[in-house]
Amino acid sequence: MRLQSDQVRRLLTAALGVWLLCGVSGCRHKTQIAPLPAITTPMELVDIPEPDDLPLLEATPVKLPPEPTAAAAAKLKREHKKPPAKVASVAPPATPAVPTTTTDPSPEVTAIGALTAGGEENPQTKQEASDLIASIEKRLNALPTQTTDDQKAQISKVRNFWRDAQEALKSGDAEGAKTLATKAKLLLDDLEK
């Protein structure tokens, strides 16, 4: 009994598979469309008059970048930093030897430390330079693309001052970084007007 039911099930599965295969493959007959009847009576051609006031479309101006030339590519414009001027060392004039007495510095001077004019030891200057550099970066990133395209040379100068200010701050020259960042800020202010 079990053998017959197994054979019947296989036979039904095979029949169902063949039936589904035929159903999925679809009909192979091409549908033919009846041809249209030929026109036997002549027809008049109608001329449509053009209106007198057609709207004119104006061409929108497109600002293209200047065409590059081979002469311009040969000379790259780079800003070079000037090396610091060398100061010739001059020997101090000979002075007669005077006996000096060594005195201990007063306790107030030692407690305060040596007073300087600022520079890299001044944390306030370093913080101001850092804040100014960060604000310039935010303003540069917020510029609209139209302004960026129109004022490439000016923005390039701002970016150079900004980059030099970052390098000066990393090297420990807070005063130089603040000066460079101020220059970049002023150029950026002129650009945004």
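A few points about this structure:
- Scope the stretch 138-158; condition under 15 Å from the mean Cα position of the chain (by Cα), part of a helix (DSSP H, G or I) and surrounded by 15 or more Cβ atoms within 10 Å (Cβ to Cβ); matching residues: 139, 140, 155, 158
- Hey, residue 126 of a type in the set (Lys, Arg) and under 30 Å from residue 62 (Cα atoms) or not: no
- Checked against the criteria, residue 91 does not count as within 56 Å of the chain's Cα centre (by Cα), within 30 Å of residue 161 (Cα to Cα) and at pLDDT below 75.
- Selected residue [surrounded by fewer than 16 Cβ atoms within 10 Å (Cβ to Cβ), in contact with a helix residue (DSSP H, G or I) (Cβ under 8 Å, 6 or more places away or on another chain) and at pLDDT below 50] from 113, 118: 118
- Close contacts from the stretch 181-193, counting a first residue that is farther than 10 Å from residue 133 by Cβ and a second that is in a helix (DSSP H, G or I) and of a type outside the set (A, V, I, L, M), with Cβ to Cβ under 6 Å and a gap of 6+ residues or different chains, come to 183/161; 187/157; 188/139; 191/154.
- Residue match in the stretch 173-184 (condition: more than 22 Å from the chain's Cα centre (by Cα), surrounded by 16 or more Cβ atoms within 10 Å (Cβ to Cβ) and not in a helix (DSSP H, G or I)): yes
- In the stretch 159-172, the residues that are surrounded by 15 or more Cβ atoms within 10 Å (Cβ to Cβ) and of a type in the set (Gly, Ala, Ser): 165, 168
The values are calculated or read from the model by the stated rules, or taken from the named source; none is laboratory data. None of the values given here were measured: they were computed from a predicted structure. Virtual Cβ from ideal backbone geometry, glycine too; neighbours counted across all protein chains shown.
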